[in-house]
Amino acid sequence: MSEIIKIEHLKKNFGKNEVLRDIDLSVDKGEVVTIIGSSGSGKSTLLRCINLLEKPSGGQILYRGKSILDPNYDLPAYRAHMGMVFQQFNLFSNMNVLENCIVGQVTVLKKSHEEAKKKAIENLKKVDMERYIDAKPSQLSGGQKQRVAIGRALAMDPDVMLFDEPTSALDPEMVGEVLKTMKNLAGTGLTMVVVTHEMEFARDVSDRVIFMDEGVIAESGTPEDIFGSPKCERTKEFLHRIL
Ligand code: ADP
Ligand code: MG
């Protein structure tokens, strides 16, 4: 398998608070990696370092073998390869569903409106939202908004999709439809890094599960390893608490 992202000795401090301490992680093409762990353990900060929404305090992040921290690195192009889905959808409320999925392609990827529209519809189909192209975000349920946000990110043709607790802000009855959408995407060979509290999803869909604790990767392995026979005491405690 080919390695898309390689993280070495990654550190991030906020003042004196060492939020990430010596993280090593690599992600292969087509892999689905889920990151679990208690609130405050550094999961979001790790994702935000991967697409450089946060600047690492130390260590290295390589994308296809090149350091994204190199001052000459083309960051806008890099970011365009990283699709990001947040807890809070972040749709543009003044635009309808279709426009939401077109705007980034036209402004960032410099595509024609026609081309962008085709791609938008194609990807809205993947998240089962093509019937809502004329709707405004305010007319949609939380689950529908999140599926549009996923479709919008996909329309940018990302190399890697990063999800930060995409179902945490949803009413319980809407969690399933978003997880199902994500499961379908995982089945298409998309490379995904998913921070989640949904242990069933982590168990069923991941190739690899990472357990973070106080800024380090305390344990990582296959879902069978982590859920079936966790080795680290902190993993056991966490799973005992959450399951
Ligand atoms: P998680 O996503 O696992 O809940 P976070 O990565 O959000 O954890 O946060 C890890 C720690 O970093 C927390 O102690 C949090 O308060 C701190 N932190 C996160 N973002 C910032 C920031 N922008 N400024 C200062 N501290 C932050
Ligand atoms: Mg978080």
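The values are calculated or read from the model by the stated rules, or taken from the named source; none is laboratory data. Note that the structure is predicted; figures quoted are calculated from it, not measured. Quick reminder, even Gly has a Cβ in these numbers, built from the backbone with ideal geometry, and neighbours come from all protein chains shown. All accessible areas refer to the heavy atoms of the entire protein, side chains included, with ligands and DNA or RNA removed. Shrake-Rupley method; radii C 1.70, N 1.55, O 1.52, S 1.80 Å.
Tabulated results
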{"quantity": "Dipole magnitude (debye, nearest 20) for segment 1-126, charges at Cβ of Lys, Arg, Asp, Glu", "calculated": "220 debye"}
{"quantity": "Helix axis angle, 97-107 relative to the chain longest principal axis, alpha carbon, degrees", "calculated": "80 degrees"}
{"quantity": "Rounded to the nearest 10 Å², the accessible area of Arg79 at probe 1.4 Å", "calculated": "90 Å²"}
{"quantity": "Carbon plus sulfur fraction of accessible area for the chain, probe 1.4 Å, in percent", "calculated": "48 percent"}
{"quantity": "Where N is the number of residues in the chain, Cα Rg divided by 2.2 N^0.38 Å", "calculated": "1.01"}
{"quantity": "Eligible lysines near Lys231 by straight Cα distance, threshold 22 Å, same-chain separation 8 or greater", "calculated": "Lys43"}
{"quantity": "Local net charge near Phe238, Cβ-Cβ under 15 Å (Lys/Arg +1, Asp/Glu -1)", "calculated": "-1"}
{"quantity": "Average accessible area per residue (Å²) across the chain - probe 1.4 Å, nucleic acids and ligands excluded", "calculated": "48 Å²"}
{"quantity": "Local net charge near Ser41, Cβ-Cβ under 9 Å (Lys/Arg +1, Asp/Glu -1)", "calculated": "-1"}
{"quantity": "Taking the convex hull of Cα positions in segment 1-140, its mean projected area over all directions (nm²)", "calculated": "10.7 nm²"}
{"quantity": "Inter-centroid distance (Cα atoms) of segment 77-123 relative to segment 150-199, Å", "calculated": "16 Å"}
{"quantity": "DSSP-defined antiparallel bridges as percent of all bridges, the chain, nearest 5", "calculated": "55 percent"}
{"quantity": "Neighbourhood net charge (11 Å Cβ-Cβ; Lys/Arg +1, Asp/Glu -1) for Thr222", "calculated": "-1"}
{"quantity": "Whichever aspartates and glutamates have a C-alpha closer than 19 Å to that of Lys16, once near sequence neighbours (fewer than 8 apart) are set aside", "calculated": "Glu54, Asp213, Glu214"}
{"quantity": "Set Lys6/Lys55; Lys119/Lys183; Lys125/Lys180; Lys55/Lys111; Lys55/Lys110 screened for pairs whose C-alpha atoms are more than 19 Å apart", "calculated": "Lys119/Lys183; Lys55/Lys111; Lys55/Lys110"}
{"quantity": "Computed over segment 59-195, Cα set: Rg, Dmax in Å", "calculated": "15.1, 46"}
{"quantity": "Signed unit charges on C-beta, dipole axis of the chain, positive-most listed residue Ile50, Pro137, Leu185", "calculated": "Pro137"}
